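*Asks:* Below is one structure. I have some questions about it.
Nothing in this text is a laboratory measurement; each read-out follows from the coordinates by a stated rule. Remember, predicted model here, so these are calculated numbers, not experimental data. Note: ideal-geometry Cβ built from the backbone for every residue, glycine included; neighbour counts use all protein chains shown.
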Amino acid sequence: MNAQSLEATNVALVESIYAAFGRGDIEFILSRTDPDIEWISGGSHDDFPTLGPRRGVAGTASFFADVAEHDEFTSFEPRQMIPMGEMVVALGHYGITAKKTGKHFESDWAHVFTIRGGMCVRWQEFTDTAAFYKSIR
């Protein structure tokens, strides 16, 4: 597979992951993650329950469980996909209301997916972690 085909395949995988998230199909997302995946949402779990690093499919599943428990999305908009070999950088925006406090915030974000052999081996999110922190204080 040439580099352009690989990048197109990787972008299609990322798009399918976002589509699955939109329909609440977390099992689909987990089925596309490597057993030893690094799943990193920037910041500290102490500052907001969805933040911090996790490992493996169980760690990734715990991230989505925490998201369901603590976040109410008012918008989730992947806006741009930038393929770079085995990486896809997705840029977007979301609006979230913290379920604990009812406080709403919005943030642009960047998600960096690393894909090998058709499986996501690493995911890292860059977002406004201070907005997450302030939403539960």
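*Asks:* Looking only at segment 38-51, count every residue that is touching a helix residue (DSSP H, G or I) at 6+ places or on another chain (Cβ under 9 Å) and over 18 Å from residue 120 (Cα atoms) and tell me the total.
*Replies:* Here the count works out to 8.
*Asks:* Right, here's the next one. In segment 35-105, which strands (runs of 3 or more DSSP E) lie fully inside it and hold 1 or more residues that are small (Gly, Ala, Ser) and within 27 Å of residue 12 (Cβ to Cβ)?
*Replies:* 71-84, 87-98
*Asks:* Taking only pairs six or more apart or across chains, which ones have beta-carbon atoms under 6 Å, a first residue in segment 82-101 that is touching a residue at least 40 places away in the same chain (Cβ under 8 Å) and closer than 28 Å to residue 2 by Cα, and a second residue that is assigned to a loop (DSSP other than H, G, I, E, B) and of a type outside the set (Phe, Trp, Tyr)?
*Replies:* none
*Asks:* List every residue pair whose Cβ atoms sit under 7 Å apart, with the two residues 6 or more apart in sequence or on different chains, where the first one lies in segment 114-137 and is without any contact (Cβ under 8 Å) to a residue 40 or more places away in the chain and the second, anywhere, is among the basic types (Lys, Arg) and not in a loop (DSSP other than H, G, I, E, B).
*Replies:* Final answer for the pair search is 114/122.
*Asks:* Using beta carbons and a limit of 6 Å, which pairs, at least six apart or on different chains, have the first residue in segment 30-57 and within 28 Å of residue 104 (Cα to Cα) and the second one hydrophobic (A, V, I, L, M, F, W, C) and part of a loop (DSSP other than H, G, I, E, B)?
*Replies:* From residues that are within 28 Å of residue 104 (Cα to Cα), the pairs are 41/51; 43/51; 44/51; 45/51.
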